[in-house]
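**Q** What follows is a structure written as structure tokens; I'll ask about it next.
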Amino acid sequence: MEGYAGKILRVNLSDGRVSKEKISEEMREKFLGGRGFAAKILWDEVSGVDPLSEENKIIFSTGPLTGLPLPSSGKMVIASKSPLTGGYGDGNIGSMAAVHLRRAGYDVLIVEGRSETPCYIAIQDEEVKILDARDLWGRTTFESQDTLETKHGKNIGVLAIGPAGENMVGFANVISQRGRAGGRPGMGAVMGSKNLKAVVVKGTGKIPVFDEERLREMGKEGYGEIKGKENYDFWIRQGTMQVFEWCDENSCLPTYNFREGTFQFSKRLDGYALEGVKVDRKGCPLCNMQCGNIIKDLENKNTELDYESVGMLGPNIAMDDLRKVGVLNRMADEYGLDTISLGSCLGFLMEASERGLIDARIAWGDLDACKKVIEEIVKKKGLGEIIFGGVRKAAERVGGDSRDWAMHVKGMEISAYDCHACPGMALSYGTSPIGAHHKDAWVISWEISTDRFSYSREKVEKVIELQRLRGGLFESMTTCRLPWIEVNFGIHW
Ligand code: PTT
Ligand code: SF4
């Protein structure tokens with residue numbers, strides 16, 4: 001079957017073995033790629049293991065369109081047994097590593113075992129090496145990207161963890177290209193547990209396709225159509241931040257640890273406020289509707305702000321200035337911490353402090369206190385010792401009634417949509433395969449525009465339909481789903 005590079009690359013860090021396997025026809029037909037491949041491999045090969053043990057495996061999995069000259073095709077899935085939830089976990093990340101992996105001849109990379117000392121995997125086409133990363137250990141994801149580019153050249157793909165992943169913080173993720181982030185359910189911690197600092201990929205081959213000329217034509221048409229969409233210009237201005245104002249107006253903006261749904265200072269944080277401080281835009285490879293909003297934070301550093309990150313590091317902790325949100329966002333990217341869980345953890349600590357359940361004082365909207373807590377989370381010291389495993393575990397330690405306002409499902413912190421008055425969205429969080437992530441069924445916009453408060457069968461069916469499209473189709477193809485709802489494309493099948 002064309003469209004696939006055709007091989008799985010397997011690297012065992014315990015004994016240094018590298019092997020290459022063919023992907024069977026059956027696997028491609030039944031599981032497509034991305035999440036489909038990853039779930040199948042984990043199902044077959046990993047059971048009953050501690051997520052941070054040598055026996056767990058981490059899968060870097062692309063889809064059949066990854067790396068082709070088509071819109072939205074620069075993404076991949078990173079999956080493993082999650083240290084945050086104890087179940088299946090994955091994240092979707094836009095990265096040149098996805099494109100290069102396919103050009104190097106692989107659809108999937110499986111990493112197993114554990115290296116005795118810090119290492120990174122360097123793949124260049126057929127050549128695969130496990131290299132020393134002792135000089136990178138302790139470095140931020142930005143520094144690691146810089147160092148690896150100096151060593152291997154700029155034309156590479158890098159997936160790196162920061163100190164949070166090294167120290168196995170429950171919500172450590174993986175960062176690429178100084179701002180693309182993926183793997184909310186602790187995929188960075190799994191890499192850290194394997195002493196794997198980074199994966200570097202360079203591929204120079206061609207991805208086999210059935211009709212290359214037609215593919216190029218289709219790609220050209222697709223890019224053109226995106227640019228012609230009515231919402232394109234607005235999307236380019238605000239990206240995912242276009243939803244902020246809507247959330248505030250509809251009372252689903254996470255505010256004061258999800259106690260409220262609107263924020264009195266929302267105008268200082270919304271998409272229009274963002275336009276006032278935006279200095280650049282970046283995003284995933286092969287995309288012509290790049291949505292990464294770059295601003296200068298309060299410390300004059302560049303940082304990329306997307307809606308979820310602003311929602312959780314803004315109103316959820318009562319931070320009322322985008323440039324302050326930027327400081328926390330930048331720290332999360334450098335250390336490799338998921339911004340959604342981080343915002344929820346900070347909100348949890350603020351509420352615990354207010355209720356007198358912890359000795360430390362951490363006030364709503366206190367930037368310096370948040371910076372200190374982030375340092376502590378990464379080192380698992382002070383308040384970090386309580387919160388590094390996420391809010392579910394923190395509530396067990398803090399006690400009182402904190403379980404009632406520890407905002408998670410299955411141990412994963414809730415994304416930036418308050419669902420107190422949106423039962424369909426609550427159902428979608430509750431039934432997502434990885435915990436409370438909006439990606440599998442973002443039913444909330446449909447719900448609010450139809451029959452918001454009902455508990456109808458139609459709503460349940462809508463959640464299931466979305467789970468199949470978003471969690472099933474998009475995550476297995478690994479293509480970006482944002483052209484669909486956000487820029488208004490239909491799905492025809
Ligand atoms: C995703 C989650 C999101 S979803 C955001 S903002 W969003 C947060 N971004 C973070 C960040 O940045 N830095 C950081 N340290 N942590 C972060 N954690 C949060 O991670 C992202 C875009 C976005 S921006 C969204 S909605 C869409 N998500 C897609 C998806 O899930 N699947 C898919 N097929 N297409 C998607 N397109 C969009 O991608 P996780 P990215 Mg991400 C700085 O991975 O674990 O699912 O968490 O990938 O390349 O950064 O693109 O308003
Ligand atoms: Fe990446 Fe944004 Fe483009 Fe999607 S729209 S591919 S998330 S840059």
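**Q** Can you give the calculated 222 nm mean residue ellipticity of the chain, where each DSSP H run of n ≥ 4 adds -39,500 (n - 2.57) and the sum is split over every residue, rounded to the nearest 500 deg cm²/dmol?
**A** Working: 19 runs with 175 residues, N = 493.
Helix contribution divided over all residues of the chain: -10000 deg cm²/dmol.
**Q** Roughly how big is region 345-489's charge dipole about its Cα centre, with Cβ charges of +1 (Lys, Arg) and -1 (Asp, Glu), in debye to the nearest 20? Mind dumping the intermediate values first?
**A** Working: 20 positive and 21 negative charges, 77 e Å.
Dipole size: approximately 360 debye.
**Q** Let me check against my output: what whole-number percent is the relative contact order of the chain, with C-alpha pairs under 8 Å and at least 6 apart?
**A** On the way: 1175 pairs, mean separation 78.4, N = 493.
This gives 16 percent for the chain.
**Q** What does the convex hull of the Cα atoms of region 7-202 come to per residue, in Å³, rounded to a whole number? Could the numbers behind the result be given before it?
**A** Details: hull volume 19.9 nm³, N = 196.
Per-residue hull volume (Cα only) is 102 Å³.
**Q** Which value does Rg/Rh take for region 419-493 over its C-alpha atoms, Rh per Kirkwood? Let's see the in-between values first.
**A** On the way: Rg = 12.1 Å, Rh = 12.6 Å.
Here the Rg-to-Rh quotient is 0.96.
**Q** Using amide H atoms built in the peptide plane, which far-off residues or other-chain residues are under 5 Å from Gly389 H to H?
**A** Distant-sequence amide H within range of Gly389: Gly170.
**Q** Once the Cα gyration tensor of region 105-173 is diagonalised, what are the square roots of 5 times its eigenvalues, in whole Å and ordered largest first, as equivalent ellipsoid semi-axes? Write down the numbers at each step before the final one.
**A** Numbers: eigenvalues 78, 50, 29 Å².
So the equivalent ellipsoid measures 20, 16, 12 Å along its semi-axes.
**Q** While we're looking at this one, here's another question. Between region 389-443 and region 16-77, what is the C-alpha centre distance in whole Å?
**A** First find each Cα centre; the distance between them is then 27 Å.
**Q** Taking the Cα centre of the chain as the origin and placing charges on Cβ (Lys, Arg +1; Asp, Glu -1), which of Gln467, Ala198, Met350 is farthest toward the positive end of the dipole?
**A** Ala198
**Q** Could you work out, for region 229-406, what percent of all Cα-Cα pairs fall into each 5 Å distance bin, beginning at 0 Å and stopping at the bin that holds the largest distance?
**A** In order of increasing distance, the bins hold 1, 9, 18, 21, 19, 14, 9, 5, 2, 1, 0 percent.
**Q** What is the percent of Cα-Cα separations in the chain that go past 44 Å? If you can, show how the numbers build up before the last one.
**A** Details: 9439 of 121278 pairs.
Of all Cα-Cα distances in the chain, 8 percent exceed 44 Å.
**Q** Quick one: ranking Leu131, Leu42 by accessible area, 1.4 Å probe, largest first, what do you get? Mind dumping the intermediate values first?
**A** On the way: Leu131 50, Leu42 15 Å².
Most to least solvent-accessible, the answer reads Leu131, Leu42.
**Q** Taking the Cα centre of region 7-202 as origin, sum charge times position over the Cβ atoms of Lys and Arg (+1) and Asp and Glu (-1), and report the length of that vector in debye to the nearest 20.
**A** Numbers: 26 positive and 23 negative charges, 105 e Å.
Roughly 500 debye, rounded to the nearest 20.
**Q** Ok, one more. Can you send over the solvent-accessible area of Glu354, 1.4 Å probe, protein chains only, in Å² to the nearest 10?
**A** Glu354 has an accessible surface of roughly 90 Å² with all protein chains in place.
**Q** Under 5 Å between amide H atoms, partner at least 5 residues away or on a different chain: which partners does His408 have, H built in plane at 1.01 Å?
**A** Result for His408 returns Ile414.
**Q** Evaluate the charge dipole of region 205-357 about its Cα centre and quote only its size in Debye, nearest 20, assuming +1 on the Cβ of each Lys and Arg and -1 on the Cβ of each Asp and Glu. It would help to have the intermediate numbers written out before the result.
**A** Numbers: 19 positive and 27 negative charges, 67 e Å.
Result for region 205-357 is approximately 320 debye, rounded to the nearest 20.
**Q** Here is a further query. How much of Met168 can a 1.4 Å solvent probe reach, expressed as accessible area in Å² and rounded to 10?
**A** Met168 exposes around 60 Å² with every protein chain in place.
**Q** Relative contact order (percent) for region 231-360, with alpha-carbon contacts under 8 angstrom and 6 or more residues of separation?
**A** Values: 219 pairs, mean separation 29.5, N = 130.
23 percent.
**Q** Can you pull the accessible area of Ile226 for me, 1.4 Å probe, Å² to the nearest 10?
**A** 10 Å²
**Q** Enter the per residue convex hull volume of region 130-270, computed from alpha-carbon coordinates, in Å³ rounded to the nearest integer. Don't skip to the end; give the middle numbers.
**A** On the way: hull volume 27.4 nm³, N = 141.
Convex hull of Cα atoms, per residue: 194 Å³.
**Q** Oh, and also: Quick one: net charge of Arg184's neighbours, Cβ under 11 Å, K/R +1, D/E -1? Before the final figure, lay out each step's value.
**A** Details: positive: Lys439; negative: Asp90, Glu308, Asp338, Glu413.
Net charge around Arg184: -3.
**Q** Just reorder Thr431, Thr147 by solvent-accessible area, largest first, 1.4 Å probe, all chains present. Provide the component values of the computation, followed by the final result.
**A** Working: Thr431 65, Thr147 35 Å².
Sorted descending by solvent-accessible area, the residues read Thr431, Thr147.
**Q** Got a sec to turn the phi values of region 338-348 into Karplus ³J(HN,Hα) couplings, 6.51 cos²θ - 1.76 cosθ + 1.60 with θ = phi - 60°, whole Hz, x for Gly and Pro?
**A** Per residue, the Karplus-derived 3J(HN,Hα) values read 5, 5, 5, 5, 4, x, 5, 5, 5, x, 4 Hz.
**Q** Could I ask something else about it? Quick one: what do you get for region 131-211 if you divide its Cα Rg by 2.2 N^0.38 Å?
**A** Details: Rg = 13.7 Å, N = 81, 2.2 N^0.38 = 11.7 Å.
Taking N as the residue count of region 131-211, the ratio is 1.17.
**Q** While we're on this one: Step through the residues of region 53-63 one at a time and calculate ³J(HN,Hα) from phi using the Karplus curve (6.51 cos²θ - 1.76 cosθ + 1.60, θ = phi - 60°), rounding each to whole Hz and writing x for Gly and Pro.
**A** Here the 3J(HN,Hα) series is 8, 4, 6, 6, 10, 10, 10, 10, 10, 9, x Hz.
**Q** I've got another one for you. Would you rank Lys206, Lys197, Lys380 by solvent-accessible area, highest first, keeping every protein chain in place and using a 1.4 Å probe? List each step's numbers first, then the result.
**A** Numbers: Lys206 155, Lys197 0, Lys380 60 Å².
Sorted by accessible area, descending: Lys206, Lys380, Lys197.
**Q** What is the set of long-range amide H partners of Asp440 at a cut-off below 5 Å, with H atoms built 1.01 Å from backbone N?
**A** It is none; the list stays empty.
**Q** Let me ask another. Computed from the mean reciprocal separation of all distinct C-alpha pairs, what Kirkwood hydrodynamic radius does region 242-328 have, in Å? If you can, show how the numbers build up before the last one.
**A** Working: mean 1/r = 0.0771 Å⁻¹.
For region 242-328, the Kirkwood estimate is 13.0 Å.
**Q** Which residue, Pro185, Phe265, Thr240, has the largest displacement toward the positive end of the dipole of region 165-307 when charges sit on each Cβ (Lys, Arg +1; Asp, Glu -1)?
**A** Among Pro185, Phe265, Thr240, the one farthest towards the positive end of the dipole of region 165-307 is Pro185.
**Q** So, one more: Are there chymotrypsin sites (Phe, Trp or Tyr not before Pro) in region 193-258 that DSSP marks as loop and that have at most 10 other Cβ atoms within 10 Å, and which are they? Spell out each step's value before the answer.
**A** Details: sites: Phe210, Tyr223, Tyr232, Phe234, Trp235, Phe244, Trp246, Tyr256, Phe258; in loops: Phe210, Tyr256, Phe258.
Passing both the DSSP loop test and the Cβ count: Phe210.
**Q** Could you state, as a whole-number percent, how many of the C-alpha pairs of region 77-121 are farther apart than 14 Å?
**A** Details: 634 of 990 pairs.
Tail fraction, whole percent: 64.
**Q** Please report Rg (one decimal) and Dmax (integer) in Å for the Cα set of region 356-476.
**A** In Å, with Rg to one decimal and Dmax whole: 17.4, 48.
**Q** Can you check what the net charge comes to around Ala421, using other residues whose Cβ is under 12 Å from the Cβ of Ala421 (Lys, Arg +1; Asp, Glu -1)? Write out the running numbers ahead of the final one.
**A** Numbers: positive: Arg452; negative: Glu260, Asp418, Glu447.
Spelling it out: positives minus negatives among the neighbours equals -2.
The values are calculated or read from the model by the stated rules, or taken from the named source; none is laboratory data. None of these values were measured; they are calculated from a predicted model. Positions of Cβ are backbone-derived with ideal geometry, glycine not excepted, and every protein chain shown enters the neighbour counts. Note: accessible area is taken over every heavy atom of the protein model, side chains too, but ligands, DNA and RNA are not part of it. Shrake-Rupley method; radii C 1.70, N 1.55, O 1.52, S 1.80 Å.
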